[in-house]
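> Encoded as structure tokens, here's the structure I'll be asking about.
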Amino acid sequence: MKEIVLKASVKSSVFVGEGAFHRCVPALLKGQKNFLLTDSNVYELYGGLISSVFGNTPLYVLPAGEENKNFSELGNILTAMTEAGLLRTSCLFAMGGGVVGDIGGLAAGLYMRGIRCVQIPTTVLAQVDSSVGGKTAIDMNNIKNVVGMFYQPQTVVVDPLFLRTLPVRELKCGLGEIVKYAALSAEIYKEVLKHIDNLFDLSFLEEITKLCIDHKANVVRKDERETGLRKSLNMGHTLGHALELYDKKLSHGEYVLIGLWYETCVAQAMGLCKQEYGDTLKALARKVVGGIPAVTEAAIGGARMDKKNESAGTVTFIAPISKGIFDTVKLPYEEYVSRILEAAKEAEC
Ligand code: ADP
Ligand code: ZN
């Protein structure tokens, strides 16, 4: 087990590796009132483990699914927290995927203006990305993560124990973010290419998770509130989010990879990204998704609304340049669309 310390506005510790859950959680439960938030799938799979470690800690079981990351469920969680008699000194444990982490982190941040929060991510996506860095949110009015706050967890406990029960779709989803990290860090790029034929192996996922968290912790330490460097973690997400919004058939991570594939094509065509390097990244994205679909102008439309955009009528995305090097690119919306559509011609071949 490895400890990664993230010193942002407050200090958070991330414990990563086999055995982290059993070594850390009992100690973290001592000395205060606690509350557990999990979801119905995780509770069904790990109910025995939960009762053996959490005993009679009051809990709220959120129905599984992104559609429950909403204001009404946030209210239910906060109500259950008041009913449990939680105090300023209490601690909320959020055990589950990104949905539980996002809404649980927000509930912890709101209750009595903020109580301690321990994140126990149980999906690859939550382990490599969403549980670290203090972003919390719910969706509203069909807009993802539109209501939320930066609220750092006191501790994050990342244990590969939970990955064994994940369906392949969830592994692919997490690999989307891992390939994104490979495009941001030369070290992660090297490791991913070394394991190109066993990307879905749990032993690889466990090791790469440590490197991804290390990378993210370094970025968040320098730019907690995403005014600069942290935006790089949105590589692939400008187009990825637009496609995800338009057509919800694939997982978030797969859309990120499709976005990364297209935006790498654009960066190559603009002469920004080294050809061979870009081709390797694109092959990696294609390998994980299994095929890059051709996109239409209507599907690209959401990129106009991306949070990174600095002015109306322009689109901003993070372009890969060469190993470990990336840059922010700003294009007029029409040019962005025509360049993506140009790339679509080589998508399905
Ligand atoms: P994310 O992919 O953002 O982490 P969710 O929180 O919705 O999103 O988790 C994805 C799905 O995986 C949910 O249906 C959740 O209940 C389920 N899940 C979470 N952890 C596990 C696990 N360890 N094993 C199996 N299913 C899990
Ligand atoms: Zn993402």
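The values are calculated or read from the model by the stated rules, or taken from the named source; none is laboratory data. Computed from a predicted model, the values in this text were never measured in an experiment. Cβ placement follows ideal geometry from the backbone for every residue including glycine, while neighbour counts extend to all protein chains displayed.
> Which ones in region 213-262 are more than 15 Å from residue 292 (Cα to Cα) and within 16 Å of ligand 1 (Cβ to nearest atom)?
Within region 213-262, 213, 216, 233, 234, 237, 241, 245, 248 qualify.
> Ok, one more. If you scan region 211-266, which residues turn out to be more than 29 Å from residue 1 (Cα to Cα), more than 14 Å from ligand 2 (Cβ to nearest atom) and modelled with pLDDT under 95?
227, 228, 246, 247, 248, 249
> Among the listed residues 212, 273, which satisfies the condition of being more than 21 Å from residue 173 (Cβ to Cβ), in the same structural domain as residue 321 (by TED's automatic domain parsing), in contact (Cβ under 8 Å) with a residue 24 or more places away in the chain and surrounded by 23 or more Cβ atoms within 10 Å (Cβ to Cβ)?
Result of the check over 212, 273: 273.
> Can residue 194 be described as modelled with pLDDT of 95 or more, of a type in the set (Lys, Arg) and more than 17 Å from residue 129 (Cα to Cα)?
yes
> Can you tell me which residue among 3, 44 is surrounded by fewer than 16 Cβ atoms within 10 Å (Cβ to Cβ), over 20 Å from residue 117 (Cβ atoms) and at pLDDT 95 or above?
44
> Just wondering, is there one or more residues in region 53-64 that are in a loop (DSSP other than H, G, I, E, B), in contact with a strand residue (DSSP E or B) (Cβ under 6 Å, 6 or more places away or on another chain), closer than 30 Å to residue 210 by Cβ and β-branched (Val, Ile, Thr)?
Among the residues of region 53-64, at least one is in a loop (DSSP other than H, G, I, E, B), in contact with a strand residue (DSSP E or B) (Cβ under 6 Å, 6 or more places away or on another chain), closer than 30 Å to residue 210 by Cβ and β-branched (Val, Ile, Thr), which makes the answer yes.
> Only one of these conditions is not met by residue 108: (1) more than 23 Å from the chain's Cα centre (by Cα); (2) within 22 Å of residue 140 (Cβ to Cβ). Which number is it?
The one condition residue 108 does not meet is (1).
> Can you pull out the residues in region 174-190 that are in a helix (DSSP H, G or I) and not aliphatic (A, V, I, L, M)?
Result: 174, 176, 177, 180, 181, 187, 189, 190.
> Any residue in region 120-143 that is on the phi > 0 side of the Ramachandran plot sitting within a Cβ distance under 8 Å of a residue that is of a type in the set (Ser, Thr, Tyr) and away from ligand 1 (no atom under 13 Å from the Cβ)? List the pairs, counting only those 6 or more apart or interchain.
Between residues of region 120-143 that are on the phi > 0 side of the Ramachandran plot and residues that are of a type in the set (Ser, Thr, Tyr) and away from ligand 1 (no atom under 13 Å from the Cβ), the close pairs are 134/12; 134/151.
> Something else: Would you tally the residues in region 108-126 being in a loop (DSSP other than H, G, I, E, B) and surrounded by 21 or more Cβ atoms within 10 Å (Cβ to Cβ)?
Looking only at that region, the number is 3.
> From 188, 178, which residue is buried (at least 18 other Cβ atoms within 10 Å of the Cβ) and over 25 Å from residue 293 (Cα atoms)?
188
> For region 127-167, which fully contained strands (runs of 3 or more DSSP E) count at least 3 residues that are more than 16 Å from ligand 2 (Cβ to nearest atom)?
Fully inside region 127-167 and qualifying: 143-150, 155-158.
> Right, here's the next one. Could you list, ordered by first residue, the pairs with Cβ atoms under 9 Å in which the first is in region 45-59 and touching a residue at least 12 places away in the same chain (Cβ under 8 Å) and the second is away from ligand 1 (no atom under 16 Å from the Cβ) and charged (D, E, K, R), at least 6 apart or interchain?
Final answer for the pair search is 57/33; 58/33; 58/83.
> Give the residue, chosen from 86, 74, that is hydrophobic (A, V, I, L, M, F, W, C) and assigned to a loop (DSSP other than H, G, I, E, B).
Exactly one residue qualifies, and that residue is 86.
> Right, another one. Can you tell me which condition residue 164 does not meet? The list is (1) within 12 Å of ligand 1 (Cβ to nearest atom); (2) among the charged types (D, E, K, R); (3) surrounded by 15 or more Cβ atoms within 10 Å (Cβ to Cβ); (4) without any contact (Cβ under 8 Å) to a residue 40 or more places away in the chain, and all the others hold.
Going through the list (1) within 12 Å of ligand 1 (Cβ to nearest atom); (2) among the charged types (D, E, K, R); (3) surrounded by 15 or more Cβ atoms within 10 Å (Cβ to Cβ); (4) without any contact (Cβ under 8 Å) to a residue 40 or more places away in the chain, residue 164 breaks only (3).
> Another question about this same structure. Looking at residue 71, is it of a type in the set (Phe, Trp, Tyr), more than 13 Å from ligand 1 (Cβ to nearest atom), over 18 Å from residue 111 (Cβ atoms) and in contact (Cβ under 8 Å) with a residue 12 or more places away in the chain?
Taking the combined requirement at face value, the residue does not satisfy it.
> Checking residue 81 against (1) more than 14 Å from ligand 1 (Cβ to nearest atom); (2) free of Cβ contacts under 8 Å to residues at least 24 places away in the same chain; (3) part of a helix (DSSP H, G or I), only one condition comes out false. Which one?
Condition (2) is where residue 81 drops out.
> If you don't mind, another one. For region 23-36, does any single residue satisfy the condition of being in a strand (DSSP E or B), over 24 Å from residue 129 (Cβ atoms) and not acidic (Asp, Glu)?
Yes, region 23-36 contains at least one residue that is in a strand (DSSP E or B), over 24 Å from residue 129 (Cβ atoms) and not acidic (Asp, Glu).
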